[in-house]
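One structure is given below, encoded as structure tokens.
The values are calculated or read from the model by the stated rules, or taken from the named source; none is laboratory data. Model, not experiment: these values are computed from the prediction. Ideal geometry is used to build each Cβ from the backbone, glycine not excepted, and the neighbour counts take in all protein chains shown.
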Amino acid sequence: MSVDRRAERIIREQIPRIDRSERGAVAEFDDLAGREVEGCLLSRVLGHGADGIVYAAKRDGREVAVKLFFPSAIAKNGPAETRERLELQLDLIGTNLHPNLVEVYAGGEAPQLNTLYLVMELVPGTSLDKLDGKIPPETIPTLAGQLADVARALEAEGLVHRDIKPANIVISDDFKTLKLLDLGIIHQMPAAEDETEERRSGMEFVATPRYSPPEFVWRQEQEDADGAWRAVTFYQIGATLHDMIMGKPLFTGYDKPRVRLYDAVRDHTPEVASENVQGWLIQTVQSCLLKEWRQRLQFVCWEDFFEPTGPVELHQREKRIRLRQLRSEEIRLAKARQVQSAPGPTREQQLWLLNNAFIGEIRTYLLNTPIFPKSRVSEEPRSQQEYVSRFTFESDESRDFPAGSFSHYMLRSTRPSTKPRSCRSVRRLGRCR
Ligand SMILES: Nc1ncnc2c1ncn2[C@@H]1O[C@H](COP(=O)(O)OP(=O)(O)O)[C@@H](O)[C@H]1O
Ligand SMILES: [Mg+2]
């Protein structure tokens, strides 16, 4: 089995496991308004994802957001790993890492609910996944800069968010500020000496396929390669900005049935274009979405998310041309892959083809063999796909052969012809009159 086929099989088996937050998770703990949990008086639900439900709450007279992890999600993701990731988030308390990152206040175990919880700042605004087509284009460059800046700050701390996507971002009502939430699958990048080991374990995480790059969804990431995590981050930022620019989620129209989404991540080069968004940002987003992660890293750097100050340099123009070529090449490769993996004939079609070949052989033999009586063959179309071959034999008394005919149903294996084949065309084959 080829590596691609093997990867494909594994992915298809694992889809339910890696498919984070797009399965329409049923919210547990959705009737706790008015309850007190770990000193927080819960008031209303702010949202929920695959891992937990988030309430607005009052704590020491202050408005906060409280996330309660779904016990089912803890069991699925592994209690030890969930706890470890919660610890990573608690390590950020008081660090004021970045103004565009949700601030964490407290967290731990909530024994009365038999689960884990996290207390955060309550971010006012609307979740970006609820704002399709509503982001004013002129605000997008500023929001892009904020998103890139917070991801860069995390990287400087040796952290990768790994789940940057619209549902994990809140936009303020004036569209001026963006906050990145949900550090639920945050990953501590390894120290140089134990890089390979750590990266391998990092690969086993759960993610959101729609907003994750192909090397990640298809498990092709080079575990020990420099910059592999940065390439993931760039892709996820690009995928998020795609939605802001295009006003619709990435791979819309290429995601049903669900497994088709996985193919789209690998094979569909999304359109990123807008008359109202500056060319430099469109180019950055297209570069972020390059399928090949090493190329992505060659084309994107952190500065590309901020408006260029000087004139467009020659190498930038060359980059633009090269990017266009790479995107065309991606489209060509995907088409070639589709042709390769086009389904073969069904068993029924195979039998028809065998039948046609078999009867065709007999016909050719009969028409060319002088020991048989003179015969004619005519064809009558029955439908676009079927036709009837009629063999008519003359009587040949010398061989004691009575006149007769027989018909045989045939299925066209090539493009159907609407006209019956004339006897003349058959004549060339043999003794038709
Ligand atoms: N601190 C917060 N302030 C306001 N809304 C929040 C906050 N945290 C989460 N939310 C809302 O709750 C939703 C689910 O939270 P999230 O942490 O992403 O859960 P999950 O890990 O299950 O995806 C988010 O999409 C967002 O709408
Ligand atoms: Mg989330």
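Structural remarks
- Of the residues making up the range 101-144, those that are within 13 Å of ligand 1 (Cβ to nearest atom) and part of a loop (DSSP other than H, G, I, E, B) number 7.
- So Gln112, is it among the polar types (S, T, N, Q), in contact (Cβ under 8 Å) with a residue 12 or more places away in the chain and within 19 Å of Tyr55 (Cβ to Cβ): yes
- Residue match in the range 255-272 (condition: more than 24 Å from the chain's Cα centre (by Cα) and outside any helix (DSSP H, G or I)): no
- The range 265-294: number of residues that are closer than 14 Å to Arg230 by Cβ and either buried (at least 20 other Cβ atoms within 10 Å of the Cβ) or at pLDDT 95 or above (or both): 4
- Pick from the range 48-86, criterion closer than 13 Å to Glu121 by Cα and within 29 Å of the chain's Cα centre (by Cα), ranking: nearest to ligand 1 (Cβ to nearest atom): Val54
- Single residue of the range 162-184 satisfying the filter (of a type in the set (Val, Ile, Thr) and over 21 Å from Gly227 (Cβ atoms)) that is farthest from ligand 1 (Cβ to nearest atom): Thr177
- Residue match in the range 210-218 (condition: at pLDDT 85 or above, assigned by TED's automatic domain parsing to the domain that holds Ile164 and loosely packed, with under 15 Cβ neighbours inside 10 Å): no
- Just one of the numbered conditions (1) more than 16 Å from Leu180 (Cα to Cα); (2) touching a helix residue (DSSP H, G or I) at 6+ places or on another chain (Cβ under 8 Å); (3) within 16 Å of ligand 2 (Cβ to nearest atom) is not true of Pro137: (3).
- Scan the range 47-87 for residues that are outside any helix (DSSP H, G or I), of a type in the set (A, V, I, L, M, F, W, C) and within 17 Å of Ala106 (Cβ to Cβ) and the total you get is 8.
- Complete set of residues in the range 307-361 that are charged (D, E, K, R), modelled with pLDDT under 80 and closer than 30 Å to Thr284 by Cα: Glu313
- Within the range 47-74, being within 12 Å of ligand 2 (Cβ to nearest atom) and not aromatic (Phe, Trp, Tyr) holds for Gly47, His48, Gly49, Ala50, Asp51, Gly52, Ile53, Val54, Lys67, Ala73.
- Residue that is farthest from ligand 1 (Cβ to nearest atom) [pool: residues in the range 147-161 that are part of a loop (DSSP other than H, G, I, E, B) and surrounded by fewer than 24 Cβ atoms within 10 Å (Cβ to Cβ)]: Gly158
- You will find that of Glu28, Glu36, the residue that is within 12 Å of ligand 1 (Cβ to nearest atom) and surrounded by fewer than 19 Cβ atoms within 10 Å (Cβ to Cβ) is Glu28 and no other.
- In the set (1) outside any helix (DSSP H, G or I); (2) within 16 Å of ligand 2 (Cβ to nearest atom); (3) among the small types (Gly, Ala, Ser), the condition left unmet by Ala167 is number (1).
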